[in-house]
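Inspection log for the structure reproduced underneath, given as structure tokens.
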Amino acid sequence: MKNVISIRDLSREEILHLLDQGEKIEKGELKPDHSETVMSIVFFESSTRTRFSFETAMKRMNGKVITMSGTKGTSVDKGESLGDTLKTVANYSDIMVVRSGLEGTQRYASEIIPIPVINAGDGSNQHPTQCLLDLYSIRKTQGKLDNLSIAVVGDLRYGRAVHSLVYGLSHFSPKLHLISPDFLKIPEYIKTDLEDKNIEIHEGSDLSEVINKVDIMYVTRIQKERFSDLDAYERVKNCYVVSKSMFGDVKSNFKLLHPLPRVDEISTDVDDTKYAYYFQQAKNGVYIRQAIISELLGGSK
Amino acid sequence: MKKERKVDAIKNGTVIDHIPAGKAFKVIEILKIKNTDMISLGMNLPSSKHGSKDILKVENWELSHNEVNKITLVAPGATLSIIREFEISEKYNVKLPPEVSGLIGCPNKKCITNEVESISRFYVESDDGKKMRCHYCERLYPAESLNIG
Ligand SMILES: [Zn+2]
């Protein structure tokens, strides 16, 4: 594995290998050391959560981190081209993590720089490390990945975590319930890809119809920053709110996942229930990112 | 042979036959055929295969592989004959290649290819051109929705 750019590039075996490595790291059976290594974080879109997760992962392995988060005050702000920024930072580091609003930036980066590239989100396209930590969390809570019934709720149109997740799950014969307002349905091309892989899909807009049937409910935030039309955002922003009162008849193995940050889509009374898993899910992200970084640096064969 | 005579025979050049009816002008546009080039055009001719078709003959011009790639995107199923001294020296069905580099503009405004100049690559995932995938933003588009040229 040279880069992690799209979950579509990874086979079932490669995905399972990374999850296994993450599990060994969590259990302390594997302690990768990258003390001689510099990781660059190049975020053209600012972020704190994903950045902290990558920084923590690298620092847990004794590695060093240099960071550009957002473009304010940087050479990009002065008009430097994207390609020049990437090539320059690549000179200072051994592995690069890139986030960008432009879709395909990381694919392009991998073609112009010699070091491994990790995609930390490109527009509405992909967020493969989020997908791997989601799959890790699903496997950990369910004891398996195959043949699960999974509801994905919220912004299925712009949400890159959702897009990566459904492609990642497509290796594991899931039954997918795609719940969203009409305006935020999953893009046609992704539906076509899922249908070509014979994935069972049910689209709907009512979360109460599926909550008692599924093993996992993956809720996403309706992302204000993806809307050019703010009226449209106001109309849909609070269309799903998961609360404790909805758990009366859920399956005993039911777990609620969310890529975070949440706004109002999961009420805080859910946090103390046995069904809430989103904070552990975020913690799992560090193990899985350690596994990914190590794999790309050739450290965990 | 009768059908061929509906448009005059040419001495040297390229004949593109079985263009879907109405698409000949698009083919001319894509090939950037100039006012000064000698062409004969037949439109809405009866076709044994598809009901009706267009046919285009360009004199003194042998199409290169790259040019053929472009026309398959708007005229799948077309046939191409290279004519030398009134004889067909080469004839083949145009077919989409597995990938097309540099010719297609991605319709996705947020695609990196619209920021960085001169990178573009599409994978042809179905022979009929209904599924063309951008190498960068990974979206699927039908060939007819792409900006080709
Ligand atoms: Zn694109």
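The values are calculated or read from the model by the stated rules, or taken from the named source; none is laboratory data. Remember, predicted model here, so these are calculated numbers, not experimental data. Cβ: placed from backbone, ideal geometry, glycine included. Neighbour counts: every protein chain shown.
Only strands (runs of 3 or more DSSP E) whose full extent lies in segment B:1-91 are considered here, and the ones with at least 2 residues that are in contact (Cβ under 8 Å) with a residue 60 or more places away in the chain are B:13-20, B:79-84. Looking only at residues of segment A:139-151 that are within 17 Å of A:Asn212 (Cα to Cα) and among the hydrophobic types (A, V, I, L, M, F, W, C), we find that the one that is surrounded by the fewest Cβ atoms within 10 Å (Cβ to Cβ) is A:Leu148. If you go through segment A:200-219 one residue at a time, do you hit one that is within 14 Å of chain B (Cβ to nearest Cβ), touching a residue at least 24 places away in the same chain (Cβ under 8 Å) and either under 26 Å from B:Asn108 (Cβ atoms) or buried (at least 23 other Cβ atoms within 10 Å of the Cβ) (or both)? The answer is no; no qualifying residue exists.
Is it the case, given these coordinates, that A:Gly79 is within 14 Å of another protein chain (Cβ to nearest Cβ), of a type outside the set (Asp, Glu) and surrounded by fewer than 18 Cβ atoms within 10 Å (Cβ to Cβ)? Yes. Do you know which residues across segment A:106-132 are over 15 Å from A:His163 (Cβ atoms) and more than 16 Å from the ligand (Cβ to nearest atom)? Those that are over 15 Å from A:His163 (Cβ atoms) and more than 16 Å from the ligand (Cβ to nearest atom): A:Ile112, A:Ile113, A:Pro114, A:Ile115, A:Pro116, A:Val117, A:Ile118. Here A:Ile190 meets the list (1) within 30 Å of B:Pro142 (Cα to Cα); (2) assigned to a loop (DSSP other than H, G, I, E, B); (3) not charged (D, E, K, R) almost entirely, failing just condition (2). In the condition set (1) surrounded by fewer than 22 Cβ atoms within 10 Å (Cβ to Cβ); (2) out of contact with any Lys or Arg (no Cβ under 6 Å at 6 or more places or on another chain), A:Arg160 is compliant with all but (1). Can you say whether A:Glu103 is within 16 Å of the ligand (Cβ to nearest atom) and touching a helix residue (DSSP H, G or I) at 6+ places or on another chain (Cβ under 7 Å), as far as the supplied structure shows? Yes, satisfied.
Among the residues of segment B:106-137, the ones that are in contact with a strand residue (DSSP E or B) (Cβ under 7 Å, 6 or more places away or on another chain), within 12 Å of the ligand (Cβ to nearest atom), assigned to a loop (DSSP other than H, G, I, E, B) and within 11 Å of chain A (Cβ to nearest Cβ) come to 7 in all.
Scoring A:Lys224 on the criteria (1) touching a Leu at 6+ places or on another chain (Cβ under 9 Å); (2) surrounded by fewer than 14 Cβ atoms within 10 Å (Cβ to Cβ); (3) within 23 Å of A:Asn119 (Cβ to Cβ); (4) at pLDDT 95 or above leaves a single failure, condition (4).
Scanning segment A:85-100 for residues that are more than 16 Å from the ligand (Cβ to nearest atom), farther than 18 Å from A:Gln290 by Cβ and in contact (Cβ under 8 Å) with a residue 40 or more places away in the chain yields A:Thr85, A:Leu86, A:Val89, A:Ala90, A:Tyr92, A:Val98, A:Arg99. Can you find a residue in segment A:15-33 that is in contact with a Gly (Cβ under 7 Å, 6 or more places away or on another chain), away from every other protein chain (no Cβ under 14 Å), in a loop (DSSP other than H, G, I, E, B) and crowded, with 17+ Cβ neighbours inside 10 Å? Yes - at least one qualifying residue is present in segment A:15-33. The residue that is farthest from B:Ile19 (Cα to Cα), counting only those in segment B:44-71 that are surrounded by 15 or more Cβ atoms within 10 Å (Cβ to Cβ) and touching a Pro at 6+ places or on another chain (Cβ under 8 Å), is B:Asn69.
In segment B:138-149, which residue that is part of a loop (DSSP other than H, G, I, E, B) and more than 11 Å from the ligand (Cβ to nearest atom) is farthest from A:Gly121 (Cα to Cα)?
B:Gly149
Cβ separations smaller than 7 Å between residues 6+ apart or across chains give the following pairs from segment B:97-117 residues that are within 18 Å of A:Gly121 (Cα to Cα) and in contact (Cβ under 8 Å) with a residue 12 or more places away in the chain to residues that are of a type in the set (Val, Ile, Thr) and more than 9 Å from the ligand (Cβ to nearest atom): B:Ile112/A:Thr105; B:Thr113/B:Ile119.
The strands (runs of 3 or more DSSP E) found wholly in segment A:56-171 and carrying at least 1 residues that are at pLDDT 95 or above and of a type in the set (D, E, K, R) occupy A:64-69, A:95-100, A:117-122. Among the residues making up segment A:172-187, those that are assigned to a loop (DSSP other than H, G, I, E, B), away from chain B (no Cβ under 14 Å), out of contact with any helix residue (DSSP H, G or I) (no Cβ under 6 Å at 6 or more places or on another chain) and of a type outside the set (Gly, Ala, Ser) are A:Phe172, A:Pro174, A:Lys185.
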